[in-house]
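Participant: Sending over a structure as structure tokens; questions will come in a sec.
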Amino acid sequence: MTQKQFQATIRELKTLKLGMYNTDFLLTWERSDEEIKAVVLVAELFKEMHKAGISIRSFDTGLAISIFRDKSTRTRFSFASAVNALGLGLSELDEEKSQIAHGETVRETATMISFLTETIGIRDDMFLGEGNKYMREVGAAIQEGFEKGVLHRRPSVVNLQCDVDHPTQALADLMQLKSHFGSLEGLRGKNIAMTWAYSPSYGKPLSVPQGIIGLMTRFGMNVSLAYPKGYDLIRDVIEVAKKNASRNGGSFKIVDSMEEAFKSADVVYPKSWAPYQVMQRRTALLRKSDKAGLVELEKECLANNARYKTWECDERRMGLTSKGSALYMHCLPADISGVSCTEGEVSKDVFERYRLATYAEAGFKPFVIAAIIFLTRIDKPVQALKELANKKKTTYHG
Amino acid sequence: MTQKQFQATIRELKTLKLGMYNTDFLLTWERSDEEIKAVVLVAELFKEMHKAGISIRSFDTGLAISIFRDKSTRTRFSFASAVNALGLGLSELDEEKSQIAHGETVRETATMISFLTETIGIRDDMFLGEGNKYMREVGAAIQEGFEKGVLHRRPSVVNLQCDVDHPTQALADLMQLKSHFGSLEGLRGKNIAMTWAYSPSYGKPLSVPQGIIGLMTRFGMNVSLAYPKGYDLIRDVIEVAKKNASRNGGSFKIVDSMEEAFKSADVVYPKSWAPYQVMQRRTALLRKSDKAGLVELEKECLANNARYKTWECDERRMGLTSKGSALYMHCLPADISGVSCTEGEVSKDVFERYRLATYAEAGFKPFVIAAIIFLTRIDKPVQALKELANKKKTTYHG
Amino acid sequence: MTQKQFQATIRELKTLKLGMYNTDFLLTWERSDEEIKAVVLVAELFKEMHKAGISIRSFDTGLAISIFRDKSTRTRFSFASAVNALGLGLSELDEEKSQIAHGETVRETATMISFLTETIGIRDDMFLGEGNKYMREVGAAIQEGFEKGVLHRRPSVVNLQCDVDHPTQALADLMQLKSHFGSLEGLRGKNIAMTWAYSPSYGKPLSVPQGIIGLMTRFGMNVSLAYPKGYDLIRDVIEVAKKNASRNGGSFKIVDSMEEAFKSADVVYPKSWAPYQVMQRRTALLRKSDKAGLVELEKECLANNARYKTWECDERRMGLTSKGSALYMHCLPADISGVSCTEGEVSKDVFERYRLATYAEAGFKPFVIAAIIFLTRIDKPVQALKELANKKKTTYHG
């Protein structure tokens, strides 16, 4: 990034009206277009600074807490990387995984861990109707503590994936698209196919496809959501996608054929998920700890999945896309036929062709998380960015 | 905190004779009144500096190690917050929880983890006669390593709760009292009721009530310890409380009625614990891994507890206190009737009235821990504090 | 360390031709003599600086990741200490311990955790033929990511013990020898006995004896490897030792008697290990999760071990060494007869006499690890060291 580009970014940032300081970041569609743009701009800046070896450390001390109610490697390390780069110390809150704590316990615990804390990243995507709700409970507790003077500062809650949205993934994907098409304006009129794909596992969360249709419909893209009958997403998010599309001059449609979605697509995002209705039944069973019921449900769902083994992103289907060369996207790990499973979401040759592209896509995430923390915790972000850039403190010596 | 207040605190600190550098902090009653005052003053200063966004980072690098031989969220995060604010990196030593390592193993391990370490926080409160002993073994090993030149610096062992005392909790409670009554002098003549309360669980450690009677008797308070027959504390600590009271112009008495202790109390601290004798039997059973015996003991104890369900801090009893408005204290989490259990230590309405006060009470703990580490690891604390204040490095940018 | 000594070290470092930047550190015998010397010199410098309270922090931010595929306390804390002292934040990757991940998964995961990472320390010593291979897979994945622009920087993989070598231990041992004999030149002609010793456990890795014979044969030492029939090491490493000895003017021989190795020894390193062939069978059984087979193998091996209970380092055998006062070495923890077991590797009196010496030996390891990370991640190490020394930033205030 040249000095000129840096200045241009700073100038653009200055024009944006932001209300992110001292708030949580839970759903992209709760955030204005200007705030989404600000996250992207700051994340780009941070990425360029890191590449140039310039420190983005914005805190001298302070804790960042992560709460993972589901296993995670990628998001865990993205968060660890982001908070470290900002100068925060990471502490993980290790709850009993099966337990859904609510009410008094959440309110108290949220305060107890927040006395010297700047941000709390939460992943809670297993229970439909629970994850996002839990994040809001944590946010409300912190807000009360801050208002009543129990907390000196107000940590921001960052959604690292819930039952509704996966905003840091969707924003990393948006950066990948911006990088691919040259600008956010370049997304206008482009066709993206968010499609279900076969996987020999079940219970995958809905948050990635929901995050994609909730975010990409804001930039004038034509979004096709494709899935076999029954693999519905949450109704509210479908409404968000429709409203976004009509407001922003793009389109949103649901089709029941992978081929139809791939036709003339500029971007394809083939990814498995469990039907909304299954996730509801699963949540009820998990709540009751009904192991036999869970085994039964898994069996039923895998059998149902198996009816759609043909939903694979292979070379033939890629050939249907615009000029036969759509950008393939995935949040990783993908179920790759003949590599990580016998039959999966994507054929071996297609994946290998785009493997490094998916790595690059993932590489945006630490910077997205850092940008969100920065914008929710730093009162005057433009000034702080200029200070960082002026200091030009290298991340290492020598 | 104004510049004037800061100067006054520094002046007061300068008058105190301290012998804390290169020592451990294990029991409040091993520490002089001046040292206790210094901890409180430094903790207050750190709290005010944090509130003002001034960094208290006192180390460029260095490890802080925590050893938790019992589950913990509050103390774990208090320690994590404190060491992070001071600039240390946290590493947790994860032992097999059931194992009581002693002798050679402790001596060697303590040295092996200490080569670049500044402090070791230990929580070990499950085994009567073991926790404090273990901390002393660690301290002795470190002392030998330091004297023999194997260790460049001497990490301090900080008691994060043992079988005898819970000094960081008691000191946080002392800060809450100082804040409530305006000064340490203001505690003189005030009545505090440390009373047992009913809980539907058993095996709660004795360290909190012991810590309270061991510390608050030093400030001229009238301390009433109330519990049902048989719920005795460790005899040695009772002796400490008696001696403290007679030396410092306060009083200490033991009564067997919650009402009697509450009468005219300025402060009440209703909290469940297991009888000393039960803890002894439990320790023997745990040592033998006698699961059947433990189940039997638990049954017996819960039945015994149940005879004292009326020991609840409710509005009627609060009405007995001074002007009906004593300060309610708790180390959290409290067993709240109708909230976290059917019948517990405190009624829902009393707790809700003091909920934020208990949060504030807990909020002192990270700063108490930071102050103890600072005073045991920094040779010239007054000079270091002045440097921190002069630097006025903010904890964050923007 | 005086200013003069510092200058001499810097001058010596300047003369060394190094190719360590942006590479992994996996086996000492893949590294030139100059690189080995550089690690020792930088580690010594770091140790002296730490002793003097001068910060060796070389990074403003950045992650260090550890992957422990086997339990560890000493190496875990050495790594934690080293990365903290350098200014890096530690994140542990917690894999399923039993799982040997390879291929696609390793390649992808290695990239995903490396976006803002400076170094990855790996311990993987359970499976013969696997540990070192796995480290190379991680290194290759990172190299690809770096070359293809997915990673801005290239983290170095540091071998924290594998099936073949334990380079950070062997280098700490080399520093202990240098300290004992005054210089690396002082090692020339000295006799070191690396001998098997009895232990009532089985399955101990081969990496320590292999690391010792692979490294100490490079400095003109006369290395005697002693073990009972059948307790062979990996053939390739024996060849490395032979070649090293013939190239460097020392000697290497294998004997089957502890006494013979001890005769006129200046240094003894008595330490148990499992026969190479047993480790092969064990790896096969572990791979099949054949529990019955593993129990059977353990029984057989313990019975075989028991035939060599006389292989104990006791005062009588120590009397055979040069002037009866050879330096006793051990990587710890040792199996001490009458202390940690009934009959073990070393008698109680011998160990106690050298206990603090073994602690000092272990004390080199954090600095060895720091030096390796520094030299593999800092492009111009001499310049960076001068900057650190000029800054004279203390590790703590006051």
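Participant: Which of the residues that make up segment C:350-379 are within 9 Å of chain A (Cβ to nearest Cβ) and within 13 Å of C:A38 (Cβ to Cβ)?
Facilitator: C:F374, C:I378
Participant: Give segment A:189-224 a look and list any residue that's touching a Pro at 6+ places or on another chain (Cβ under 7 Å) and closer than 24 Å to A:L320 by Cα, or say none.
Facilitator: A:M194, A:T195, A:W196, A:A197
Participant: Among the β-branched types (V, I, T), in contact (Cβ under 8 Å) with a residue 24 or more places away in the chain and closer than 29 Å to C:S337 by Cβ: does that describe C:I212?
Facilitator: yes
Participant: Here is a check on your reading of the model: is C:P333 within 14 Å of chain B (Cβ to nearest Cβ) and modelled with pLDDT under 95?
Facilitator: yes
Participant: Suppose we keep only residues that are touching a Gly at 6+ places or on another chain (Cβ under 6 Å) and not hydroxyl-bearing (S, T, Y) within segment B:336-349. Which one would you say is nearest to the other protein chains (Cβ to nearest Cβ)?
Facilitator: B:I336
Participant: Is there a residue in segment B:316-325 that is within 25 Å of B:M175 (Cα to Cα), of a type outside the set (F, W, Y) and within 12 Å of another protein chain (Cβ to nearest Cβ)?
Facilitator: Among the residues of segment B:316-325, not one is within 25 Å of B:M175 (Cα to Cα), of a type outside the set (F, W, Y) and within 12 Å of another protein chain (Cβ to nearest Cβ), which makes the answer no.
Participant: Please go through segment C:129-164 and pick out each residue that is under 18 Å from C:A370 (Cα atoms) and within 18 Å of the chain's Cα centre (by Cα).
Facilitator: If the condition is that a residue be under 18 Å from C:A370 (Cα atoms) and within 18 Å of the chain's Cα centre (by Cα), then C:S156, C:V157, C:V158, C:N159, C:L160, C:Q161 are the ones that fit.
Participant: Which is of a type in the set (K, R), surrounded by fewer than 21 Cβ atoms within 10 Å (Cβ to Cβ) and in the same structural domain as A:T217 (by TED's automatic domain parsing), of A:K148, A:K204, A:K133?
Facilitator: After applying the criteria, what remains is A:K204.
Participant: How many residues are within 23 Å of the chain's Cα centre (by Cα) and not in a loop (DSSP other than H, G, I, E, B) if we restrict to segment A:321-351?
Facilitator: Here the count works out to 5.
Participant: What pairs can you find where one residue is in segment A:342-355 and without any contact (Cβ under 8 Å) to a residue 40 or more places away in the chain and over 21 Å from A:S201 (Cα atoms), the other is assigned to a helix (DSSP H, G or I) and not basic (K, R), and their Cβ atoms are less than 7 Å apart, with a gap of 6+ or different chains?
Facilitator: A:D349/A:E315
Participant: Another one. So C:Y308 clears everything in (1) of a type in the set (F, W, Y); (2) buried (at least 22 other Cβ atoms within 10 Å of the Cβ); (3) away from chain B (no Cβ under 14 Å) except one condition, right? Which one?
Facilitator: (2)
Participant: Another question about this same structure. Say we look at segment A:38-61 and pick out the residues that are out of contact with any Asp or Glu (no Cβ under 8 Å at 6 or more places or on another chain), in contact (Cβ under 8 Å) with a residue 60 or more places away in the chain and surrounded by fewer than 21 Cβ atoms within 10 Å (Cβ to Cβ); which of these is nearest to A:R136 (Cα to Cα)?
Facilitator: My answer is A:V40.
Participant: Separate question: Tell me, which residue of segment C:9-21 that is touching an Asp or Glu at 6+ places or on another chain (Cβ under 8 Å) and surrounded by 12 or more Cβ atoms within 10 Å (Cβ to Cβ) is farthest from C:Q143 (Cα to Cα)?
Facilitator: The selected residue is C:T9.
Participant: Restricting attention to segment A:242-276, which residues are in contact (Cβ under 8 Å) with a residue 60 or more places away in the chain, more than 14 Å from A:P209 (Cα to Cα) and surrounded by fewer than 21 Cβ atoms within 10 Å (Cβ to Cβ)?
Facilitator: A:G249, A:E259, A:S264
Participant: Working only within segment B:380-398, note down all residues that are surrounded by fewer than 23 Cβ atoms within 10 Å (Cβ to Cβ), touching a residue at least 60 places away in the same chain (Cβ under 8 Å) and more than 13 Å from chain A (Cβ to nearest Cβ).
Facilitator: B:V382, B:A384, B:K386, B:A389, listed by residue number.
Participant: From the list B:E345, B:E352, pick out the single residue that is in contact with a Pro (Cβ under 6 Å, 6 or more places away or on another chain) and not small (G, A, S).
Facilitator: Sole residue among the options that is in contact with a Pro (Cβ under 6 Å, 6 or more places away or on another chain) and not small (G, A, S): B:E345.
Participant: Of the residues in segment B:34-51, how many are within 11 Å of another protein chain (Cβ to nearest Cβ) and under 28 Å from C:H50 (Cα atoms)?
Facilitator: 1
Participant: Going through segment A:52-64 one residue at a time, which ones are touching a helix residue (DSSP H, G or I) at 6+ places or on another chain (Cβ under 8 Å) and either more than 11 Å from chain B (Cβ to nearest Cβ) or outside any loop (DSSP other than H, G, I, E, B) (or both)?
Facilitator: Scanning segment A:52-64 gives A:I54, A:S55, A:F59, A:L63, A:A64.
Participant: Select from segment C:65-83 the residues that are among the hydroxyl-bearing types (S, T, Y) and more than 7 Å from every other protein chain (Cβ to nearest Cβ) and write down the one among them that is nearest to B:A64 (Cα to Cα).
Facilitator: C:S78
Participant: Related question: Out of C:A110, C:A140, report the one residue that is surrounded by fewer than 24 Cβ atoms within 10 Å (Cβ to Cβ), in the same structural domain as C:T61 (by TED's automatic domain parsing), in contact (Cβ under 8 Å) with a residue 24 or more places away in the chain and small (G, A, S).
Facilitator: Of the residues listed, the single one that is surrounded by fewer than 24 Cβ atoms within 10 Å (Cβ to Cβ), in the same structural domain as C:T61 (by TED's automatic domain parsing), in contact (Cβ under 8 Å) with a residue 24 or more places away in the chain and small (G, A, S) is C:A140.
Participant: Looking only at segment A:336-352, decide whether some residue is hydroxyl-bearing (S, T, Y) and closer than 30 Å to A:V42 by Cβ.
Facilitator: no
Participant: To continue, here is another question. Which condition number does B:G149 fail, the rest of (1) more than 14 Å from chain C (Cβ to nearest Cβ); (2) on the phi > 0 side of the Ramachandran plot being met?
Facilitator: (1)
Participant: Here's a follow-up. Are there any pairs with C-beta distances below 7 angstrom linking a residue in segment B:301-318 that is at pLDDT 95 or above to a residue that is exposed (fewer than 12 other Cβ atoms within 10 Å of the Cβ), with the two at least 6 apart or on different chains, and if so which?
Facilitator: B:M318/B:G324
Participant: Next question. Which count do you get for residues in segment B:175-201 that are crowded, with 24+ Cβ neighbours inside 10 Å and out of contact with any Lys or Arg (no Cβ under 9 Å at 6 or more places or on another chain)?
Facilitator: Residues in segment B:175-201 being crowded, with 24+ Cβ neighbours inside 10 Å and out of contact with any Lys or Arg (no Cβ under 9 Å at 6 or more places or on another chain): 1 in total.
Participant: Could you tell me whether any residue of segment A:97-111 is touching a Ser or Thr at 6+ places or on another chain (Cβ under 7 Å) and either under 19 Å from C:S66 (Cβ atoms) or modelled with pLDDT of 95 or more (or both)?
Facilitator: No, every residue in segment A:97-111 fails to be touching a Ser or Thr at 6+ places or on another chain (Cβ under 7 Å) and either under 19 Å from C:S66 (Cβ atoms) or modelled with pLDDT of 95 or more (or both).
Participant: I'm told C:L116 meets every condition in (1) closer than 21 Å to C:G145 by Cα; (2) more than 10 Å from chain A (Cβ to nearest Cβ); (3) in contact with a Pro (Cβ under 7 Å, 6 or more places away or on another chain); (4) aliphatic (A, V, I, L, M) except one. Can you identify the failing condition by its number?
Facilitator: Going through (1) closer than 21 Å to C:G145 by Cα; (2) more than 10 Å from chain A (Cβ to nearest Cβ); (3) in contact with a Pro (Cβ under 7 Å, 6 or more places away or on another chain); (4) aliphatic (A, V, I, L, M) one by one, C:L116 breaks only (2).
Participant: Among the listed residues B:A357, B:A362, identify the single one that is of a type in the set (G, A, S), in a helix (DSSP H, G or I) and surrounded by fewer than 21 Cβ atoms within 10 Å (Cβ to Cβ).
Facilitator: B:A357
The values are calculated or read from the model by the stated rules, or taken from the named source; none is laboratory data. A quick note: this is a predicted structure, and the numbers were derived from the prediction, not measured. Cβ atoms come from the backbone with ideal geometry, glycine included; neighbour counts cover every protein chain shown.
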